[in-house]
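A.B. asks: Got a structure here, written out as structure tokens. Questions coming.
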Amino acid sequence: MQVRAALTKRLSVIATKDGFIYSQSPLLEPGYADINAGLKYNLYRDTCKGRLLSTGMTYEIPSGSNKSLQGNGNGLFHFFTTGGTRIGERSHLISAVGLLEPADRNLENRMSYWSNHFDRRIGNRALYAFTEVNLYHYGSNGTAFPAPIQGGDLFNLGSVGVDG
């Protein structure tokens, strides 16, 4: 679940990760997610041209359920920049880059990413065809989890052998 609220025309408070994780996996039990909250600032906005550029930072509070692979580490800082533009009358391109920096690199891994989304409206209805490409790079090995397994932005185990 995500929550966003505008404080001013340019500044928003955001909660990008919270809620309940439901799983039928034998490795991951249902439980509460960590809470990730912070601020997002709109650097540039042109509604006529359909362009937007923003940046922000959140902090992930290790408050979730251990049985859901949450609640570990000493917190995680997330720095990001997001941009988007309308292309013609029917398409959009959105791109984001970010860095997840743990407070303790032994307990959680450092990770950077680049995410891209392209869509095109089909006909005159609110129906879109889209594609997305996401690139992830782990910049550190932790010592908290003995296997090279990670969970993207859902869970960060501080795994060994994921650097690079």
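Just so it is clear, none of the values below were taken in a lab; they were calculated from the coordinates. Quick caveat, the model's predicted, so the values are computed rather than measured. All Cβ positions, glycine included, derive from the backbone under ideal geometry; neighbour counts span all protein chains shown.
A.B. asks: Across the chain, how large is the tail of the calculated P(r) beyond 21 Å, expressed as a percent of all Cα pairs? Before the final figure, lay out the partial values.
C.D. replies: Numbers: 7373 of 13366 pairs.
Distances greater than 21 Å cover 55 percent of the Cα pairs.
A.B. asks: Based on alpha-carbon atoms only, what is the radius of gyration of segment 53-105 relative to the globular estimate 2.2 N^0.38 Å?
C.D. replies: On the way: Rg = 16.0 Å, N = 53, 2.2 N^0.38 = 9.9 Å.
After normalising by residue count via 2.2 N^0.38 Å, the value is 1.61.
A.B. asks: Computed over the Cα atoms, what is the radius of gyration of segment 1-84 divided by 2.2 N^0.38 Å, N being its residue count? Can you show the working numbers first?
C.D. replies: Working: Rg = 15.8 Å, N = 84, 2.2 N^0.38 = 11.8 Å.
The reported ratio for this selection is 1.33.
A.B. asks: Sketch the reach of a paramagnetic label on ALA103 as a point 7 Å from Cα along Cα-to-Cβ, and name the residues of segment 134-164 whose backbone nitrogen lies under 20 Å away.
C.D. replies: 140-145, 153-159
A.B. asks: Now, a different point. Counting pairs on different chains as well as pairs 8 or more places apart, how many Lys pairs in the chain have Cα atoms under 22 Å apart?
C.D. replies: 5
A.B. asks: If I histogram all Cα-Cα distances within segment 64-155 using bins 10 Å wide from 0, what percent of pairs lands in each bin?
C.D. replies: Result, from short to long distances: 14, 36, 24, 17, 8, 0 percent.
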